[in-house]
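So the structure is just underneath, and the comments pick up after that.
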Amino acid sequence: GSGIGTLGVSGALTLGAGATWAVDLSASSSDRLSLAAGASLTSNGATLRPVFADGVGPAGNDAFWSYAQLWTVVSGGPSKTVTGSWVIDNSAWAGKGVFQTWPSGDNLVLGWAPAVPEPEADGGRGKG
């Protein structure tokens with residue numbers, strides 16, 4: 001990324017397995033594809049790669065990443081279609097959580113789900 005922005009799509013956009021969509025993210029916004037009425041987006045196994053606009057991603061220790069986060073990455077007009085699946089490589093922040101996508105109404109959402117800490121061996125009761 002070169003900064004957060006919106007790309008308008010007025011026809012059919014298909015991203016194949018070799019394609020990568022680098023999505024800039026900040027605490028309050030993200031890159032977005034805005035589909036015009038009747039437009040479509042199809043991912044045939046394309047990679048969605050989160051890029052951290054502030055330079056601080058989930059591999060660091062920023063408290064922001066301790067909580068679930070949502071960004072709308074595809075939105076737009078009526079009668080648009082969004083189909084297919086995305087590949088997200090979560091290995092850079094393994095153990096911290098995962099990014100995943102899902103439909104939300106007529107939009108596509110990118111979400112962050114922080115890892116749930118392992119319970120303590122003694123069930124959190126402490127010693128004594």
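The values are calculated or read from the model by the stated rules, or taken from the named source; none is laboratory data. Given the structure is predicted, the values throughout are model-derived calculations rather than measurements. We place every Cβ from the backbone using ideal geometry, glycine too, and count neighbours over all the protein chains shown. These area figures cover heavy atoms from the full protein model, side chains too; ligands, DNA and RNA do not enter into them. Shrake-Rupley method; radii C 1.70, N 1.55, O 1.52, S 1.80 Å.
Quick rundown of the values:
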{"quantity": "Rounded percent of accessible protein surface that carbon and sulfur make up, the chain, 1.4 Å probe", "calculated": "52"}
{"quantity": "Paired Rg and Dmax values of region 49-97, which use every Cα atom, in angstrom", "calculated": "14.0, 41"}
{"quantity": "Normalised contact order of region 1-59, rounded percent, pairs of Cα under 8 Å and 6 or more residues apart", "calculated": "44"}
{"quantity": "Computed over the chain, Cα set: Rg, Dmax in Å", "calculated": "17.2, 67"}
{"quantity": "Full-stretch length increase - Ala92, Ala27 - with 0.36 nm per residue and alpha-carbon distance subtracted", "calculated": "21.5 nm"}
{"quantity": "Distance (nanometres) between label positions extended 7 Å along Cα→Cβ at Leu7 and Thr83", "calculated": "2.1"}
{"quantity": "Net length gained if the chain between Asn44 and Leu70 were fully extended (0.36 nm per residue, minus Cα distance)", "calculated": "7.1 nm"}
{"quantity": "Accessible surface, per residue, of region 3-50 when the full set of protein chains is kept, probe 1.4 Å, Å²", "calculated": "44"}
